[in-house]
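Undergrad: Would you mind keeping the following structure in view while I ask a few things?
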Amino acid sequence: MSSPLRVDREKLVLGVAAPLLAIVTAVAITSAVMLLTGDNPFRAFSVMLDYGSKSDSQVWIINKAIPYYLAAAAVAIGFRMNLFNIGVDGQYRVAAFFAAVVGGALSLPGIVQIPIILLTAMACGAIWAGIAGYLKATRGVSEVITTIMLNFIGGSLIAYFLQEGRLAERDENIVHTTDIPDSSFFFEIPTDPYPIHGSIVIAVAVGIAYWFVLGRTRFGFDLRAVGRSEEAAEASGVSVKRTVVTAMLLSGAVAGLVGMPTLLNESGNYGIDFPEGLGFTGIAIALLGRNHAVGMGLAALLWGFLERTGTQLEFEGYDQEIVGVMQGIIVLSVVVAYELVRRWGIRRQQRQVGEQLAAARNGKTATDPAEVSA
Amino acid sequence: MRRVSRLAATIAASAVLALTASACGESSTESNQNENNEESGELGVGIAFDVGGRNDHSFNEAAARGGDLAEEELGVTVEYQTARNGETDADRVQRLTALAQEGYNPVIGVGFLYGNAITEVAAEFPDTTFGVVDSVPEGDNTFGMTFAEHEGSYLAGVAAALKTESGQVGFIGGVENPLIQKFQAGFEQGVADTDPEVTVDVNYLYRDDDRGFSDPARAAEQADGMLGRGVDVIYTAAGSSGQGSIEQVAGAEGAWAIGVDSDQYEQPGLVEYQDSILTSVIKGVDVAVFDLIESVVNEDPLSGHHEYTLAENGVSLATSGGFIDDIAPQLEEATQRIVDGDVEVQDTPQ
């Protein structure tokens, strides 16, 4: 009989094999690409490691990873129940815009105003995602279509209000919302040489809540059950429609927070220079982190590391596009590696079960072959 | 599975923490200063481009020409860096910081998005001169270079109104922001002052997304739509997207394209379409960039803000190809009116 220890070792092999395979493949393909274009991959990797581990790079990478992580968490909530919320991009922009407008209009003490800004952002994000959730639950409209379309509608909505004389003011060539008062800026963690953004606590809180709600509560179980099989979930008494709407609302509320590190720690307003496309980066990071609370954190840091060091590579005579190539290859390698390892694991398991059964049958008819061979 | 992945996660997390803790000592500034101190000042000029990159045949390329000229005439070396789409201020600050750290002086940001980043980085490197095109940064060691794009575009409007046969002209902007609206405003006014009967069809590629400056396919689509509606002169102010529109116009009989920022008739990449490029509204980014580099080389760096206007040839209309020679007197007259102040060109659309 196999002991529990043996089962664990089996799974440990599988657990380590996938990331290892992914990393080796990604490094190999990236090196091949660099060799083909006549660059030296080893020097590139050493430049990246060297520059990326500098203290200011570390701070930069962490700050950059905060919104990435939030975006990935928002996407992952949907992924866990087979909902593809492609609209995180639109959700966080709409949310950040209206949160910035509210923040610019009020001048309350920070302790009151920051929660108001955060709640406004979460509410706006939830409403924007909720539209797609509602349409999916009541009309069966695919959320892929609606969320993509809502991205464009959100962009146009912002462009309409983000004009001088509407909800924005003009400063040279940049149009932006009224600056939020200084007291509404989020705290910073003083590190040398640059501070880490205090909004990292938002990301950590979201990560813990994500892990707890999806992994440790009944709602999380229902949500994953719906993701596995809607019919089975429905039959066991889960309201699929309600779960869809709730999941979209939650995903949207988290998406609403994506713009907050930028708004409350950096810019203080929403202007035409506000970052875009974080929602799509979030999809890649959720895939890379396997929808796992810690995995996505590592993936977000990896992404920040690649972007930080990519600019440095350009100084060393490499094309900075190589970083985009690396990011793409890593995501593909991870997805492919996990699938390969999963299949390999199943085959291995089947073979073992087969061997055990055969051994058991042999044991009944003849003397135990193990003893003979020993 | 769950236990194993949790174990793996814990190990990975502690490894990251250990790495972070162990590497905390040195920042890239410190190590770079050690390496580069002796040679600083000798390294040359750092130019950071807007999206679209050096070879956009338009805005960035104009800045690059200024850099190339400085390499030739002043003997400096120029390091060019390019922005990715969807960058944040953090990326721009990093790029400029890296350039300043490496000892490049001056450091020039091309495009108004660099405005805030320049202000921030300039405060940390008081001995380096920072320049930015299309924005006015703060700080004693910064130089803001802006242009009277509306005045140049006014002349393009005059030319378009005189050259159109269908009585319809078009304007395609990359992104609907105040800068590109200056082009639109000047163009519309130039058309209206010349021939009030001519209508202007206005289209923007994106409302608020800087992809508008690097999406030639979309510009081609919009140009195609305009040509289909009978427009026969199209002025495109959209960085490297403009290529798409010029290609489309070149495929239509009797239609004219008006280029922007660089003299697009002279662009090697656009040679096959040059017979359709009526003229270009040249923005003297090259002159401005060269001036700043020269001032730093002469150890009397420019600072503050300068607007390059039509009066001082900071913006102008290209004549290569000779397609607007026949209307030169009218253009001359319009230029004179603006320079004399008889016509005040609006910088926001009506």
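Undergrad: Assess whether B:N55 counts as being touching a Lys or Arg at 6+ places or on another chain (Cβ under 7 Å), part of a loop (DSSP other than H, G, I, E, B) and either within 14 Å of another protein chain (Cβ to nearest Cβ) or surrounded by fewer than 20 Cβ atoms within 10 Å (Cβ to Cβ) (or both).
TA: Values: touching a Lys or Arg at 6+ places or on another chain (Cβ under 7 Å): no; part of a loop (DSSP other than H, G, I, E, B): yes; either within 14 Å of another protein chain (Cβ to nearest Cβ) or surrounded by fewer than 20 Cβ atoms within 10 Å (Cβ to Cβ) (or both): yes.
Spelling it out, it is not the case that B:N55 is touching a Lys or Arg at 6+ places or on another chain (Cβ under 7 Å), part of a loop (DSSP other than H, G, I, E, B) and either within 14 Å of another protein chain (Cβ to nearest Cβ) or surrounded by fewer than 20 Cβ atoms within 10 Å (Cβ to Cβ) (or both).
Undergrad: Here's something else I'd like to know. Which one of A:V334, A:V254, A:V325 is buried (at least 23 other Cβ atoms within 10 Å of the Cβ), among the β-branched types (V, I, T), over 21 Å from B:D89 (Cβ atoms) and outside the structural domain of A:Q113 (by TED's automatic domain parsing)?
TA: On inspection, the qualifying residue turns out to be A:V334.
Undergrad: Residue by residue through the stretch A:293-309, note down the ones that are touching a residue at least 12 places away in the same chain (Cβ under 8 Å) and open to solvent by 10 Å² or more (accessible area, probe 1.4 Å). Full working, then the answer.
TA: The first filter runs over the stretch A:293-309 and keeps only residues touching a residue at least 12 places away in the same chain (Cβ under 8 Å), leaving A:293-294, A:296-297, A:299-309.
Residues satisfying the conditions are A:A293, A:V294, A:G297, A:L301, A:L302, A:W303, A:F305, A:E307, A:R308.
Undergrad: Looking at the stretch B:141-171, which of the residues that are under 24 Å from B:V289 (Cα atoms) and charged (D, E, K, R) is least open to solvent (accessible area, probe 1.4 Å)?
TA: B:E149
Undergrad: Mind listing whichever residues of the stretch B:285-320 are hydroxyl-bearing (S, T, Y) and either assigned to a helix (DSSP H, G or I) or farther than 27 Å from B:G239 by Cβ (or both)? Working first, answer last.
TA: We begin by selecting, within the stretch B:285-320, every residue hydroxyl-bearing (S, T, Y); these are B:295, B:303, B:308-309, B:316, B:319-320.
Passing the criteria: B:S295, B:S303.
Undergrad: Related question: Here is a list of conditions, (1) within 14 Å of chain B (Cβ to nearest Cβ); (2) at pLDDT below 90; (3) surrounded by fewer than 19 Cβ atoms within 10 Å (Cβ to Cβ), and A:P195 meets all of them except one; can you say which number that is?
TA: (2)
Undergrad: Among the residues of the stretch B:240-260, which ones are in contact (Cβ under 8 Å) with a residue 60 or more places away in the chain and open to solvent by less than 10 Å² (accessible area, probe 1.4 Å)?
TA: Residues of the stretch B:240-260 in contact (Cβ under 8 Å) with a residue 60 or more places away in the chain: B:240-243, B:245, B:254, B:256, B:258-260.
Passing the criteria: B:S241, B:G242, B:S245, B:I258, B:G259, B:V260.
Undergrad: Can you say whether B:L317 is open to solvent by less than 70 Å² (accessible area, probe 1.4 Å) and farther than 28 Å from B:Q222 by Cβ, as far as the supplied structure shows? Steps first, please.
TA: Numbers: open to solvent by less than 70 Å² (accessible area, probe 1.4 Å): yes; farther than 28 Å from B:Q222 by Cβ: no.
Spelling it out, it is not the case that B:L317 is open to solvent by less than 70 Å² (accessible area, probe 1.4 Å) and farther than 28 Å from B:Q222 by Cβ.
Undergrad: Follow-up question, since we're still on this one. Say whether the condition of being assigned by TED's automatic domain parsing to the domain that holds A:P261 and surrounded by fewer than 14 Cβ atoms within 10 Å (Cβ to Cβ) is met by at least one residue in the stretch A:178-186.
TA: Taking every residue of the stretch A:178-186 in turn, at least one turns out to be assigned by TED's automatic domain parsing to the domain that holds A:P261 and surrounded by fewer than 14 Cβ atoms within 10 Å (Cβ to Cβ).
Undergrad: Can you go through B:T10, B:T77, B:T88, B:T82 and tell me which one is over 30 Å from B:L270 (Cβ atoms), at pLDDT 80 or above, surrounded by fewer than 24 Cβ atoms within 10 Å (Cβ to Cβ) and of a type in the set (S, T, Y)? Show your work before the answer.
TA: Values: B:T10 fails: at pLDDT 80 or above; B:T77 fails: over 30 Å from B:L270 (Cβ atoms); B:T82 fails: over 30 Å from B:L270 (Cβ atoms).
Criteria check complete, one pass: B:T88.
Undergrad: Moving on. Go through (1) open to solvent by less than 40 Å² (accessible area, probe 1.4 Å); (2) not in a strand (DSSP E or B) one by one and return the number of the condition B:F323 breaks.
TA: Evaluating B:F323 over (1) open to solvent by less than 40 Å² (accessible area, probe 1.4 Å); (2) not in a strand (DSSP E or B) leaves (1) as the failure.
Undergrad: Is there any pair with a first residue in the stretch A:310-327 that is within 9 Å of chain B (Cβ to nearest Cβ) and a second that is aromatic (F, W, Y) whose Cβ atoms are under 7 Å apart and which are 6 or more apart or on different chains, and what are they?
TA: Correct list of pairs: A:Q312/A:Y51.
Undergrad: From B:K182, B:K163, grab the single residue that is among the basic types (K, R) and out of contact with any strand residue (DSSP E or B) (no Cβ under 7 Å at 6 or more places or on another chain).
TA: On the way: B:K163 fails: out of contact with any strand residue (DSSP E or B) (no Cβ under 7 Å at 6 or more places or on another chain).
That would be B:K182, the only listed residue that is among the basic types (K, R) and out of contact with any strand residue (DSSP E or B) (no Cβ under 7 Å at 6 or more places or on another chain).
Undergrad: Considering only residues of the stretch A:53-82 that are outside the structural domain of A:G277 (by TED's automatic domain parsing) and farther than 25 Å from A:M260 by Cα, which is surrounded by the fewest Cβ atoms within 10 Å (Cβ to Cβ)?
TA: A:S53
Undergrad: Give me the helices (runs of 4 or more DSSP H) completely within the stretch A:140-242, filtered to those with at least 2 residues that are closer than 30 Å to B:E120 by Cβ, ordered by residue number. Steps first, answer last, please.
TA: Values: elements: A:143-161, A:200-216, A:218-228, A:230-235.
In the stretch A:140-242, A:143-161, A:200-216 are the helices (runs of 4 or more DSSP H) which contain 2 or more residues that are closer than 30 Å to B:E120 by Cβ.
Undergrad: Given the conditions (1) buried (at least 22 other Cβ atoms within 10 Å of the Cβ); (2) touching a Ser or Thr at 6+ places or on another chain (Cβ under 9 Å); (3) more than 21 Å from B:E307 (Cβ to Cβ), and given that B:E102 satisfies all but one, which numbered condition is not satisfied?
TA: (1)
Undergrad: What do you reckon, is A:V331 over 30 Å from A:W128 (Cα atoms) and in contact with a helix residue (DSSP H, G or I) (Cβ under 6 Å, 6 or more places away or on another chain)?
TA: On the way: over 30 Å from A:W128 (Cα atoms): no; in contact with a helix residue (DSSP H, G or I) (Cβ under 6 Å, 6 or more places away or on another chain): yes.
The answer is no for A:V331.
Undergrad: Looking only at the stretch B:33-46, decide whether some residue is open to solvent by less than 20 Å² (accessible area, probe 1.4 Å), assigned to a loop (DSSP other than H, G, I, E, B) and at pLDDT below 90.
TA: yes
Undergrad: Which ones in the stretch B:89-122 are more than 13 Å from every other protein chain (Cβ to nearest Cβ) and not β-branched (V, I, T)?
TA: The answer is B:N105, B:P106, B:A122.
Undergrad: When you scan the stretch B:289-310, how many residues do you find that are within 14 Å of B:T129 (Cα to Cα) and within 18 Å of the chain's Cα centre (by Cα)?
TA: Going through the stretch B:289-310, the residues within 14 Å of B:T129 (Cα to Cα) turn out to be B:289-305.
Subset that is within 18 Å of the chain's Cα centre (by Cα): B:289-293, B:305.
Summing the residues that are within 14 Å of B:T129 (Cα to Cα) and within 18 Å of the chain's Cα centre (by Cα) in the stretch B:289-310 gives 6.
Undergrad: Next question, about the same structure. Suppose we filter the stretch B:195-219 for residues that are more than 14 Å from every other protein chain (Cβ to nearest Cβ), part of a helix (DSSP H, G or I) and crowded, with 20+ Cβ neighbours inside 10 Å; how many remain?
TA: Within the stretch B:195-219, residues that are more than 14 Å from every other protein chain (Cβ to nearest Cβ), part of a helix (DSSP H, G or I) and crowded, with 20+ Cβ neighbours inside 10 Å number 2.
Undergrad: While we're on this one: Say whether the condition of being surrounded by fewer than 23 Cβ atoms within 10 Å (Cβ to Cβ) and more than 14 Å from every other protein chain (Cβ to nearest Cβ) is met by at least one residue in the stretch B:172-180.
TA: no
Undergrad: Ok, one more. Of the conditions (1) aliphatic (A, V, I, L, M); (2) open to solvent by 10 Å² or more (accessible area, probe 1.4 Å); (3) assigned by TED's automatic domain parsing to the domain that holds A:L301; (4) closer than 24 Å to A:L306 by Cβ, A:A105 satisfies every one except a single condition; which number is it?
TA: Checking A:A105 against (1) aliphatic (A, V, I, L, M); (2) open to solvent by 10 Å² or more (accessible area, probe 1.4 Å); (3) assigned by TED's automatic domain parsing to the domain that holds A:L301; (4) closer than 24 Å to A:L306 by Cβ, the one that fails is (4).
Undergrad: Which one is farthest from the other protein chains (Cβ to nearest Cβ), of the residues in the stretch A:258-291 that are under 9 Å from A:A96 (Cβ atoms) and assigned to a helix (DSSP H, G or I)?
TA: A:M260
Undergrad: Could you figure out which of (1) farther than 25 Å from A:I196 by Cα; (2) part of a helix (DSSP H, G or I) isn't true of A:I86?
TA: Condition not satisfied by A:I86: (2).
Residues are listed down the side, and each one gets a yes or a no for (1) touching a helix residue (DSSP H, G or I) at 6+ places or on another chain (Cβ under 6 Å); (2) away from chain B (no Cβ under 14 Å):
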{"position": "A:N40", "(1), (2)": "no, yes"}
{"position": "A:V47", "(1), (2)": "no, no"}
{"position": "A:S53", "(1), (2)": "yes, no"}
{"position": "A:N63", "(1), (2)": "no, no"}
{"position": "A:P67", "(1), (2)": "yes, no"}
{"position": "A:I77", "(1), (2)": "yes, yes"}
{"position": "A:L83", "(1), (2)": "yes, yes"}
{"position": "A:V94", "(1), (2)": "yes, no"}
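Undergrad: Now a separate question. Among the residues of the stretch A:91-112, is any at pLDDT 95 or above and within 24 Å of A:R290 (Cα to Cα)?
TA: Yes, the stretch A:91-112 has at least one match.
Undergrad: For the stretch A:231-243, how many residues are closer than 16 Å to A:A137 by Cβ and open to solvent by less than 90 Å² (accessible area, probe 1.4 Å)?
TA: 5
The values are calculated or read from the model by the stated rules, or taken from the named source; none is laboratory data. Note that the structure is predicted; figures quoted are calculated from it, not measured. We place every Cβ from the backbone using ideal geometry, glycine too, and count neighbours over all the protein chains shown. To get the accessible areas, we keep the full protein, side chains included, count just its heavy atoms, and leave off ligands, DNA and RNA. Shrake-Rupley method; radii C 1.70, N 1.55, O 1.52, S 1.80 Å.
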